[in-house]
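> Encoded as structure tokens, here's the structure I'll be asking about.
Just so you know, all these numbers are worked out from the coordinates, no wet-lab data involved. Small disclaimer: the values here were computed from a predicted structure and weren't measured. Neighbour counts are summed over all protein chains in view; Cβ atoms, including those assigned to glycine, are modelled from backbone coordinates with ideal geometry.
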Number of protein chains: 4
Amino acid sequence: MIAVIDRDRSLKDKAEVVRFVEGRGLSVQVSETATESLLAVIGEAPSDLFGALEALPAVLEVRRDSPPYTLVSRAHRPEDSRVRVRDVWAGGKEVVVIAGPCAVEDRTTLLSAAHAVAAGGASMLRGGAFKPRTSPYSFQGLGREGLELLAEAREATGLPVVTEVVAPEDVDLVAEFADMLQIGSRNMQNFRLLSAVGEQPLPVLLKRGMMATIEELLLAAEYVMAAGNPRVVLCERGIRTFERATRNTLDICAVPLLKEKSHLPVIVDPSHAAGRRELVPALGRAAVAAGADGLIVEVHPEPERALSDGRQSLTPGGFERLMGELDVVAQAIGRRLTPAGVSR
Amino acid sequence: MIAVIDRDRSLKDKAEVVRFVEGRGLSVQVSETATESLLAVIGEAPSDLFGALEALPAVLEVRRDSPPYTLVSRAHRPEDSRVRVRDVWAGGKEVVVIAGPCAVEDRTTLLSAAHAVAAGGASMLRGGAFKPRTSPYSFQGLGREGLELLAEAREATGLPVVTEVVAPEDVDLVAEFADMLQIGSRNMQNFRLLSAVGEQPLPVLLKRGMMATIEELLLAAEYVMAAGNPRVVLCERGIRTFERATRNTLDICAVPLLKEKSHLPVIVDPSHAAGRRELVPALGRAAVAAGADGLIVEVHPEPERALSDGRQSLTPGGFERLMGELDVVAQAIGRRLTPAGVSR
Amino acid sequence: MIAVIDRDRSLKDKAEVVRFVEGRGLSVQVSETATESLLAVIGEAPSDLFGALEALPAVLEVRRDSPPYTLVSRAHRPEDSRVRVRDVWAGGKEVVVIAGPCAVEDRTTLLSAAHAVAAGGASMLRGGAFKPRTSPYSFQGLGREGLELLAEAREATGLPVVTEVVAPEDVDLVAEFADMLQIGSRNMQNFRLLSAVGEQPLPVLLKRGMMATIEELLLAAEYVMAAGNPRVVLCERGIRTFERATRNTLDICAVPLLKEKSHLPVIVDPSHAAGRRELVPALGRAAVAAGADGLIVEVHPEPERALSDGRQSLTPGGFERLMGELDVVAQAIGRRLTPAGVSR
Amino acid sequence: MIAVIDRDRSLKDKAEVVRFVEGRGLSVQVSETATESLLAVIGEAPSDLFGALEALPAVLEVRRDSPPYTLVSRAHRPEDSRVRVRDVWAGGKEVVVIAGPCAVEDRTTLLSAAHAVAAGGASMLRGGAFKPRTSPYSFQGLGREGLELLAEAREATGLPVVTEVVAPEDVDLVAEFADMLQIGSRNMQNFRLLSAVGEQPLPVLLKRGMMATIEELLLAAEYVMAAGNPRVVLCERGIRTFERATRNTLDICAVPLLKEKSHLPVIVDPSHAAGRRELVPALGRAAVAAGADGLIVEVHPEPERALSDGRQSLTPGGFERLMGELDVVAQAIGRRLTPAGVSR
């Protein structure tokens, strides 16, 4: 439920509406457009609140058909959010490209990958130190050592680092080294973890679960924001369908749909969707053309030797070619790639 | 199974290989690359054929891992096919846009739609005279009268006409008026119908079934080609998944995958995938960026009055804006939209 | 829309309501319960009809929330339908078992299979003479010769025959030999074919499409009934999902759901769902326990030599064991298998 | 990889094989059949291990095609496992029924539900104190207070208690009150949580993720067993598909398939699959007929007042009727329901 107030109303009038709602035991989030102040009632409102709010003199209108995710919704905040990761911005006119290996494997490989993606024009570095793996016997990541290597790679290249956190008890450790915390697909509905990353200040990259609906993704983002952290970037990475010719089915329509329903930046992971590097460039171009605010791409100096996801990782050369293609598509729709060393 | 022969071999040598295969009761299809003649054995080959072919002096190599769809496969025909519809070509450097109403409803509406899409730059006109509808009580199309109106719209605008045929016994009737026959999603595995359109000369627009895998789509195309008609254009139009926020889930990765596996042109239907006109432009741009050879888009002069699919039909103004967007994306990747009145 | 009239009202009063609706250009179907006459308005009613009907003195009540499939709905016909196939009844207290090979392959194999399933206690014989196959190069069935062999197997065993028809132009031919016409999964939305089997008198076995919703299945049945044939049996045979450990995912909940929404008999095909004979008995038992009115099962004298679906076909011995298991489950829920030579 | 040794071989010979594998840095799990000792190599074995093991004199045979989940596989342990929960056994001849409300709401309601399901013949009590909810604003459970109420209900009825744990840091707390720890669908791939419940001694009820394949479920169980806890019960609860007429699609074929591939007990949750109480009995009967070792069913004294899942909860009367139906189906296939107060 959103109460609309004329933006020119006095602060006192607005505060009165806030106090009224809070007096009912609910909380309120305020955002501003050019002409209106929007007071969103957080959570499930009692049925009589609608009429009571409408009766307040300062309230122009009450919108009851607002979606179940208040804080992430565009109804609540009409203009696009931008999320800063160190000196890189996600959202806005520029298209951000995050690249790097699936997992941090060893110092040499990671630094080689980091230099390669920096040279290719990436704005941020990705790499997993904690890997959620389907089998208990698969490589589970280097843990703290991996995080230290990521920090070293950041020093070496200047690229901010995004890496996955898989459990609430790891959040502090990962936050010590990372610039952005990734919530992976399998944890999109690990609600305790969502709250944990919501209670710390670093920005969050939230990947859609492979069988989660758009609405469930937005409600997962709401968990993070409701816990206090507004710095969320959504990521479409392919859903599970009957089609097995690709690893997942990239739901390209999620891009315009998420941007319609939410003010949060939306990026796309073409690597996990495709599952094969040959298909990644077409998906990357499509994502930018559809209006995505960025990409997250797997790149490995020697994909055939990767401990995981080698089949879908681009070579450094392939990444450089992709960046060239993305650049012209971005310009065609009036955007541009985040320039290396400029927005930073 | 494909037998590779040096292209410079004599016709006599090649004919000998053909006769050898045909002598085994199988048939053969020959295609040529710059350096090789490829003899594809059609259908399921007996297990001993591989060795027997390899032993023939003219045969350089026998490829056994060719896919189950021989005629449509790129293994058999490495270069892209182009399909001519009257004076418009699908495939090749230009991106073809087919547009028009879901169904032919009446003369005025159809002519209005046809003039609008022609003015907007469409290369072809779409419109259904026979409508496959989930309920027996829904509008089933105007039938022959609809076909006559389509022919009139072609006269009025110069645009070639594509329209759906739903049963083998209608093929002759529809072929009398149409320039291209559409096989709809629900009929993608109506094998008798596939053979019927394969036995006549007009080009065929084959839409992927909403439940069909990429391989099943290619095998459906193989039915048409095996019956004698090589003029097939494939169409991705969204698959059915757990996600219901959109009408279907556009499998954008089908575009590069189909073009990798097959030489046939591939177009995309963003309207049926999205189910809402607001989402159509993003999907259209994504399809072109992913490498599609064209689009088929629903446009209606008054969408809110349409008898079917009004919610997903663009207005004439919306279509014109979309064409502008498609044009710049096509140019960004080194292609261009089929220019009005030029390729025609 | 369904108008309810007191059953004791005079025929004249009832006829007046019928005439009123028909006078509006709509048609009507009447069914009777113990206390009510139900007049279903077929098709999409104009918005003002509700009030007009309510105003008629004979009308007790008008139900507007009836589903889009009038004739097949339980709202229209509260008691279970029974469908007779020669001297076997589907629906009612007895559980009917249809068995036989996937395809008619040759005389010896078919007669062997027919005698085996008759000995095992099957009530009907299945076997395909026209096979819809994904690849144009796979065995497509023996056609008319296969139908003749089925008729011979019926003579030899006394079992009525159900076989698939794949195109409207084949209906007359198949009807000449078969006792029940099967519409296969891939043709569930071949609306022309649905109408064609609706215009002839033999009972129809309608299989759910592998990606069709329950509502779409019921609307497909409505096509048959709207064309004049009320003798329809529905068949759940597994849907396509992300899980590939089985050929399809048997939607066991379709059984109680279809019986809740429709009066038509519902049978289950465990063979196509499982894809492996080892899993067929558990699915067969589950179907009977869930309330299915019968099963259709693939049985082959030598499954490893079958031209299609051998992997999922039971041996004669396996079928006999299954029948024993089904019998006790049926009795546990107050039903019994159709006894051999009794209901016939 | 599994090395087979004659069971009559000396302990010294067997120990030698174990030491050989452990000397390679791998671990080993031994199980016994009537005639063989099976030494399973845990995790991914190096490629040369196969030959090295085959060369050992005590080794009869090495099976390399064993599945990726060693400990849970039937290849490793041919006979059925039984899992004891206090004095109730899951697995074996008896069919166990777990029942209770979705969530612990308050003392009165819980005790009322517990007495009702005990009277109806349930063997165990279910109820959630920690509820994973899609929206941050939905009721999240009573936490510790809910656990205390569950313990009180156990005292009052004698029924062992199963309740969900949603985060590793809660395991100790929940284990203090519960008799069995439930891992919910959304946490099936919360690998840290799986390991945590694997490191404590209480039995674990592992629900299949709504998007998880059979193999992924078995690998999730392998996480628990690999961490040291062999007491795992698997639960099929419906998967997410395109069909929305039911809340989920119960994959009934998972029952025979899981029992073929694994020695662990398999139970079924018909409530979450159906989503409507009217459909629960048919699914429950089907599950028992398919060979499930038990059911977990939602029952609420006043479903229409439930804070969650009321629509799918049985009334006490409905539960009692269901138990009567399950009893006869179980007996039909040679099993019986766990008798109240007997196996306890």
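> Can you tell me the orientation of helix C:11-23 relative to chain C, as the angle in degrees between its alpha-carbon axis and the longest Cα principal axis, to the nearest 10?
80 degrees
> What does the charge add up to near B:Val166, with Lys and Arg as +1, Asp and Glu as -1, over the other residues with Cβ less than 9 Å from its Cβ?
Values: positive: B:Lys131, B:Arg186, C:Arg192; negative: B:Glu164, B:Asp170.
Net local charge, B:Val166 excluded: +1.
> Got a sec to turn the phi values of region C:223-229 into Karplus ³J(HN,Hα) couplings, 6.51 cos²θ - 1.76 cosθ + 1.60 with θ = phi - 60°, whole Hz, x for Gly and Pro?
4, 5, 5, 5, 7, x, 10
> Can you grab the distance from the C-alpha centre of region D:1-61 to the C-alpha centre of region D:247-262, Å, no decimals?
After rounding, the separation between the Cα centres reads 31 Å.
> No solvent, one uniform scatterer per C-alpha: report log10 I(q)/I(0) for region D:160-219 via the Debye equation at q = 0.14, 0.18 1/Å, two decimals.
-0.34, -0.55
> For region B:114-139 and region A:102-166, compute the distance between their C-alpha centroids and round to whole Å.
Between the Cα centres of region B:114-139 and region A:102-166 lies a distance of 51 Å.
> A follow-up question, please. From the label point of D:Arg107, set 7 Å from Cα along Cα→Cβ, how far away are the matching label points in the other copies, in nm, ordered shortest to longest?
Listed shortest first, these distances are 6.2, 8.3, 8.4 nm.
> Give the longest segment of chain D that steers clear of GluC sites (Glu not before Pro) in DSSP loops with at most 15 neighbouring Cβ atoms within 10 Å, not counting the sites themselves. Show your work: numbers first, answer last.
On the way: sites that count: D:Glu44, D:Glu79, D:Glu199.
That would be D:200-344.
> Separate question: With n ≥ 4 as the cut-off for DSSP H runs, can you work out [θ] at 222 nm for chain B, using -39500 (n - 2.57) per run divided by the number of residues, rounded to the nearest 500?
Values: 11 runs with 116 residues, N = 344.
Mean residue ellipticity at 222 nm (helix-derived): -10000 deg cm²/dmol.
> Now for a separate question. Going by how many other beta carbons lie within 10 Å of each one, how would you line up A:Cys253, C:Cys102, fewest first? Don't skip to the end; give the middle numbers.
Numbers: A:Cys253 30, C:Cys102 23.
Arranged by neighbour count, lowest to highest, A:Cys253, C:Cys102 become C:Cys102, A:Cys253.
> Report the Cα centroid-to-centroid distance between region D:311-340 and region D:186-232 in angstrom, as an integer.
A separation of 28 Å, based on Cα centres.
> Moving on to the next point. As I understand it, the value is the acute angle between the Cα axis of helix A:107-120 and the longest principal axis of the Cα atoms of chain A; what does it come to in degrees, rounded to 10?
The angle comes out near 70 degrees.
> Now, a different point. Quick one: of D:Lys207/D:Lys261; A:Lys207/A:Lys261; A:Lys259/D:Lys131; C:Lys14/C:Lys261; C:Lys14/C:Lys207, which pairs are farther than 28 Å apart, Cα to Cα? It would help to have the intermediate numbers written out before the result.
Details: D:Lys207/D:Lys261 17 Å; A:Lys207/A:Lys261 17 Å; A:Lys259/D:Lys131 30 Å; C:Lys14/C:Lys261 26 Å; C:Lys14/C:Lys207 36 Å.
As for pairs spanning more than 28 Å Cα to Cα, those are A:Lys259/D:Lys131; C:Lys14/C:Lys207.
> Along the charge dipole of chain A, which of A:Leu264, A:Val96, A:Ala245 sits closest to the positive end, that is, farthest toward it, with unit charges on the beta carbon of Lys, Arg, Asp and Glu (+1, +1, -1, -1)?
In chain A, that residue is A:Ala245.
> May I pose another question? Apply the Karplus curve 6.51 cos²θ - 1.76 cosθ + 1.60, θ = phi - 60°, to the phi angles in region A:48-53 and return the couplings in whole Hz, x for Gly and Pro.
Per residue, the Karplus-derived 3J(HN,Hα) values read 8, 5, 3, x, 5, 5 Hz.
> Could you give the size of the charge dipole of the protein assembly as shown about its Cα centre, using +1 on the Cβ of each K and R and -1 on the Cβ of each D and E, expressed in debye and rounded to the nearest 20?
Roughly 0 debye for the protein assembly as shown.
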